[in-house]
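Please read the structure below before turning to the comments.
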Amino acid sequence: METRVMNCIMCPMGCEMQVTIEAGKVTGVTGNTCPRGLKYAEDEITAPKRMLTTTVKIEGGILPLIPVVSSAALPKDKVLACAEALRNVTLKAPVKEGDVVVANILGLNVDIVASRDME
Ligand code: SF4
């Protein structure tokens, strides 16, 4: 049995949790204010995920870069590869907030979308 301390990152409260792990599975969590903390702890132990926020190049816009975000959390070990793939993307203005910049990035069933308008 192992006990780990981790902070839930699902909301700004950032609850500090004590997570008990046995045979690679979460068997107990304390310190979480809501059930999302338990889900976060389970995912973090078995299949950690992270949102990706970054920028991509855009031509003809009022700025040279546009902020983008993943439509859902990506496997943590794929986030860097996704960021690398986005380095080769150049958009053309105008772009609307929510427009899909890259669909199904790296075959992970997650889209990358613009997080603001760019005239
Ligand atoms: S456990 Fe709930 S309240 Fe606490 S940080 Fe996570 S989502 Fe927020």
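Looking at 85, 41, 81, just one residue is crowded, with 16+ Cβ neighbours inside 10 Å, part of a helix (DSSP H, G or I) and small (Gly, Ala, Ser), and that residue is 41.
The combined condition, being in contact (Cβ under 8 Å) with a residue 60 or more places away in the chain, touching a strand residue (DSSP E or B) at 6+ places or on another chain (Cβ under 9 Å), surrounded by 12 or more Cβ atoms within 10 Å (Cβ to Cβ) and not hydroxyl-bearing (Ser, Thr, Tyr), is fulfilled by residue 58.
Restricting attention to the stretch 1-38, the residues that are of a type in the set (S, T, N, Q) and either surrounded by 15 or more Cβ atoms within 10 Å (Cβ to Cβ) or not in a strand (DSSP E or B) (or both) total 3.
Which condition from (1) modelled with pLDDT of 95 or more; (2) of a type outside the set (Asp, Glu); (3) part of a loop (DSSP other than H, G, I, E, B) is the one that residue 61 breaks? For residue 61, the failing item is (1). Here are some residues: 7, 32. Which one is polar (S, T, N, Q), farther than 30 Å from residue 91 by Cα, in contact with an Asp or Glu (Cβ under 6 Å, 6 or more places away or on another chain) and within 12 Å of the ligand (Cβ to nearest atom)? Of the residues listed, the single one that is polar (S, T, N, Q), farther than 30 Å from residue 91 by Cα, in contact with an Asp or Glu (Cβ under 6 Å, 6 or more places away or on another chain) and within 12 Å of the ligand (Cβ to nearest atom) is 7.
The values are calculated or read from the model by the stated rules, or taken from the named source; none is laboratory data. None of the values given here were measured: they were computed from a predicted structure. Here the Cβ is made from the backbone with ideal geometry for all residues, glycine too, and neighbour counts use every protein chain on show.
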